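The values are calculated or read from the model by the stated rules, or taken from the named source; none is laboratory data. The model shown is predicted, which means the values in this text are computed figures rather than measured ones. Note that each Cβ is placed from the backbone with ideal geometry, even for glycine, and that neighbours are counted across all protein chains shown.
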Amino acid sequence: MKNSRNGHSGSGRLGPVLLLLVVVFGVAYYLYSRNASVQNAFHSVRESTQDATITSRVRTAILLSKYVSPFDISVTTTQGNVTLDGQVPSEQIKAVAGAIAQDTSGVKEVHNNLGINPATARNPETELLGARVGDLEIKTLVNEGLSQNADLAEKHITTEVKNRTVTLGGTVQTAAQRYAAEQIAWQVTGVRGVTNNLSATSTQTSPESPDEKLAHRVEFELYSTKAISLKTVQIHADNGIITLTGNVSSRAEKMLAEKTAQSVEGVRKVVNSLAAPDEVQS
């Protein structure tokens with residue numbers, strides 16, 4: 001009887017233990033399943049955010065293209081795969097749009113579903129937006145250049161840009177500062193023209209001599225070529241004779257500088273003493 005009671009007592013204790021184990025394993029499985037769902041949800045949200053970022057990047061890049069921005073193009077992204085939908089007037093523009101999308105950071109693959117319709121109308125709003133972005137970029141670079149110039153940083157100079165033409169307004173102290181501001185604007189990539197409405201207020205500065213005016217005209221024409229850096233080039237004028245000294249990066253630049261200077265009205269002769277690294281030495 002004693003053994004029987006002990007056996008009964010042992011089996012009685014085993015039941016609650018088994019029940020406890022079942023509960024523990026059930027809770028563990030529930031937590032595991034729940035955590036997996038949370039992880040999947042988090043992964044889905046993160047993926048969705050990355051796709052939205054890629055879509056935004058592609059749309060921005062398209063808007064910055066003067067060839068593609070005038071046309072309505074839909075951009076969608078799924079797991080890094082970009083799909084372009086809409087209509088454009090030519091295969092060339094379709095190819096450009098696809099290349100822009102493929103070159104965007106984060107894009108894995110591009111599905112270019114753009115249709116070709118020569119009668120596709122341009123969207124004037126997006127076309128104008130692309131032009132405004134280009135003008136804003138130029139304005140920012142001009143202002144940065146002015147702020148980095150020690151003589152112009154504290155001057156009251158206003159800049160307006162329309163159709164890539166820069167208009168400078170406000171006041172400076174000297175004619176040299178006025179000229180320097182104009183050259184800074186010309187050096188910005190993409191600038192098509194500069195209208196210099198700056199006023200020089202100083203009455204102490206003597207007027208430029210004919211030789212100084214001629215040297216400045218030559219300098220301006222060299223700036224306008226966009227091919228010659230004047231940081232290492234000096235220009236001297238003496239009675240219509242222009243002397244070029246300093247260094248350029250190639251013999252082609254040396255010849256271009258000479259021809260450009262020779263084309264300026266008032267120049268009688270050009271003495272080209274520029275040095276080029278690829279020049280044949282005698």
Against the definition (at pLDDT below 85 and either in a loop (DSSP other than H, G, I, E, B) or of a type outside the set (Ser, Thr, Tyr) (or both)), how does GLY170 come out, yes or no?
no
Given the residues THR104, THR55, which is the only one that is closer than 30 Å to ILE138 by Cα, in a loop (DSSP other than H, G, I, E, B) and modelled with pLDDT of 90 or more?
THR104
Pick from segment 154-164 the residues that are in contact with a helix residue (DSSP H, G or I) (Cβ under 9 Å, 6 or more places away or on another chain) and outside any loop (DSSP other than H, G, I, E, B): which of them is surrounded by the fewest Cβ atoms within 10 Å (Cβ to Cβ)?
LYS162
Mind checking which residues of segment 247-279 are within 20 Å of GLN183 (Cβ to Cβ) and within 32 Å of the chain's Cα centre (by Cα)?
ASN247, VAL248, SER249, GLU253, LEU256, ALA257, THR260
In segment 138-153, is there at least one residue being closer than 30 Å to GLN50 by Cβ and either outside any loop (DSSP other than H, G, I, E, B) or β-branched (Val, Ile, Thr) (or both)?
yes
Somewhere in segment 169-178, is a residue under 21 Å from SER224 (Cβ atoms) and not aliphatic (A, V, I, L, M)?
yes
The correct count of residues that are in a helix (DSSP H, G or I) and either under 31 Å from the mean Cα position of the chain (by Cα) or under 13 Å from ASP238 (Cβ atoms) (or both) in segment 214-227 is 9
Only one of these is among the hydrophobic types (A, V, I, L, M, F, W, C), at pLDDT 85 or above and within 27 Å of ALA150 (Cβ to Cβ): ALA261, ALA181. Name it.
ALA181
Of SER249, SER273, which residue is part of a loop (DSSP other than H, G, I, E, B) and among the polar types (S, T, N, Q)?
SER249
